[in-house]
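Please treat every number below as a calculation from the coordinates, not as lab data. Source: prediction; values computed, not measured. Note: ideal-geometry Cβ built from the backbone for every residue, glycine included; neighbour counts use all protein chains shown.
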Amino acid sequence: MIVKKFYGKTVEETIKKVKDSLGEDATLLLVQRVKKKGFRGLLGATEIEITAAKEISFEIQEKVVPPYGEDVTLELPALYKIKKFLKDEEVDDEIINNVISSYIEAIGGNRLKLQELDMNIFESLIKGLIRTEKDQSPIGKFRAIFIGPPGVGKTTTILKLASYYTLEENRDVVIVTTDIYRSGAIEQLKIYGRILNIPIEAAFNVREFERIIRKLESKDVILIDSAGRSKRDIEYVELLRKFIYTIPAQKLKTYLVISAIDNFKYIKEVYETYKVLYPTSIIVSKLDESVSFGNLINIPFYTKLPISYITNGQNIPGDIEVAKSDKLASLFIKKDVNLK
Ligand SMILES: Nc1nc2c(ncn2[C@@H]2O[C@H](COP(=O)(O)OP(=O)(O)OP(=O)(O)O)[C@@H](O)[C@H]2O)c(=O)[nH]1
Ligand SMILES: [Mg+2]
C-alpha cells in the first residue's frame with residue numbers, strides 16, 4: 001500500500017491529480033482544507049489536501065506473465081514438475097506448453113504459488129484434456145462401424161461390445177464383417193459368434209453390404225468390422241467410405257480404434273488416413289499394456305474427438321469400459337485406480 005498527499009485549489013482539481021498519479025482505483029482517505037505551505041500560508045491562504053492510498057500487492061509485482069518461455073519452468077518448481085510428469089508420460093510438447101500456460105492462469109500468475117504443485121488444479125486440467133463422450137451407449141437402434149490400423153483390436157472390441165449388448169442389455173445384436181482380405185479371420189469370428197450366440201454376416205462388396213444392412217433393418221444393434229490395412233492403402237479407405245455411405249449418418253457411429261501403445265507420430269498419420277471417413281469418436285485400446293498414458297491426452301487433442309471406450313485386456317467378454325474423464329485423469333495422475 002502506498003499513501004500520498006495531493007494539493008490543489010479545488011477538490012475536483014485535487015482528485016484529478018490523485019487519479020493521474022495513482023490511477024482510477026486509488027482510495028481517498030482524507031479530504032481537508034489546510035493552510036498553504038510557506039509564506040502565503042502565513043498570510044492566511046488555504047488549499048485542499050487529499051490523502052490518498054493505493055493497494056500495491058506483492059502478487060502484482062511478482063506475476064508470471066505470458067508468453068511463457070522454456071526457461072519459466074526451470075526456476076519454478078510447480079511448472080518443472082508438470083513438465084517432467086507430462087514428458088515422462090509422453091505427452092506431446094505443444095500440449096505440455098498449453099498445460100503450463102493454463103496452470104499459470106489458474107493460479108493467477110502468482111509466483112509464490114508456483115513454488116509448489118497444486119495436485120487438484122493439475123488433475124482438473126488433465127481431466128479437461130481427456131475428453132470423453134457424454135452419451136456412449138445409444139438407447140434406440142444404432143449401427144456402428146469400427147475402423148483403424150491393423151492389430152489395434154477392432155474385432156476383439158466388437159466382440160466385447162456385442163456380448164455386452166446381448167448379455168447385459170438384452171439387445172438384438174448382429175456383427176457384419178467387411179474384412180475382405182482374410183477369410184481365416186471371418187472363420188474365427190464365426191466361431192466366436194457361435195460361442196457367444198451372436199449372428200455374423202460377411203460382405204465383400206458394397207452391393208452385398210447394402211443388401212445385408214437392409215435385411216437386418218429390424219435389428220437393434222449392428223456392429224460392423226473392417227480390415228486393418230496399411231495407412232497407405234487409400235483404396236480400402238475409399239471402399240469403406242462407400243460402405244459407410246449406405247447407412248444414414250444420424251444412425252451411424254464411426255469408431256476409430258487407436259492403440260494406446262502406438263507412438264503419437266504414427267497415431268497422427270493414422271488419423272490423417274482415416275479422417276476422410278469422419279470418425280465420430282475414438283476407442284483407445286490396450287491400455288493394460290501401456291507403460292505411459294500420454295496418448296489419453298494426445299489423441300483427443302489432435303483429433304478433436306472424444307474417447308468413447310477404453311479397452312484393457314484380451315478377455316471376451318469383459319476388458320472394456322466406458323471412458324470417463326475423471327477416472328482416466330486419476331489413472332493418469334497415478335492414483336490407485338483399478339481399471340479391471
Ligand atoms: N492386451 C490387450 N490386447 C488386446 C486388446 N484388444 C485386443 N487385443 C489383442 O490384440 C490382438 C489383435 O486384436 P484384433 O481384434 O484381431 O485386432 P484388429 O484390429 O481386428 O486387427 P486386424 O483385423 O488385423 O486389423 C489380439 O491378440 C487381441 O487379443 C486389449 O485391450 N489389450
Ligand atoms: Mg480384425
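In percent, what relative contact order does the chain have, based on Cα pairs under 8 Å that are 6 or more apart in sequence?
Working: 554 pairs, mean separation 60.2, N = 340.
The normalised contact order for the chain reaches 18 percent.
With one equal scatterer per alpha carbon and no solvent term, the Debye-computed log10 I(q)/I(0) for the stretch 2-56 at 0.14 1/Å reads -0.36.
Output the peptides 241-254, 94-107 sorted from most to least packed, where packing is the average of other Cβ atoms within 10 Å over each peptide's residues.
Working: 241-254: 14.9, 94-107: 17.2.
The peptides rank, most packed first, as 94-107, 241-254.
Pairwise Cα distances in the chain exceed 35 Å in 44 percent of cases.
Summing Cβ point charges (Lys, Arg +1; Asp, Glu -1) relative to the Cα centre of the stretch 101-171 gives a dipole of roughly 340 debye. Legend: ranking of residues Ile82, Ile48, Ile297 from fewest to most surrounding C-beta atoms inside 10 Å; resulting order Ile48, Ile82, Ile297. Tell me, how many Å apart are the Cα centres for the stretch 134-178 and for the stretch 224-289? Answer, in whole Å: 14.
Hydrodynamic radius of the stretch 221-301 by the Kirkwood approach over all distinct alpha-carbon pairs: 13.7 Å.
Is there a pair in Lys190/Lys286; Lys242/Lys275; Lys127/Lys327; Lys231/Lys265 whose C-alpha atoms are over 18 Å apart, and which pairs would that be? Each step should come with its number before you reach the end.
On the way: Lys190/Lys286 23 Å; Lys242/Lys275 14 Å; Lys127/Lys327 9 Å; Lys231/Lys265 13 Å.
Those over the limit are Lys190/Lys286.
In straight-distance terms, cross-link reach from Lys36 covers every one of the lysines whose alpha-carbon lies under 18 Å from its own, apart from those fewer than eight places away in the same chain; here that gives Lys4, Lys5, Lys9, Lys17. Roughly speaking, what % of Cα-Cα pairs in the stretch 67-207 are separated by over 23 Å, rounded to a whole number? Counting pairs separated by more than 23 Å, the tail of P(r) holds 56 percent.
Cut-off is 10 Å between beta-carbons; in what order do Val18, Val291, Val257 appear when sorted fewest neighbours first? Before the final figure, lay out each step's value.
Values: Val18 23, Val291 8, Val257 27.
Fewest-to-most ranking of Val18, Val291, Val257: Val291, Val18, Val257.
Rounded to the nearest 500, the 222 nm mean residue ellipticity of the chain from helices alone is -11500 deg cm²/dmol, with -39,500 (n - 2.57) taken per DSSP H run of at least 4 residues.
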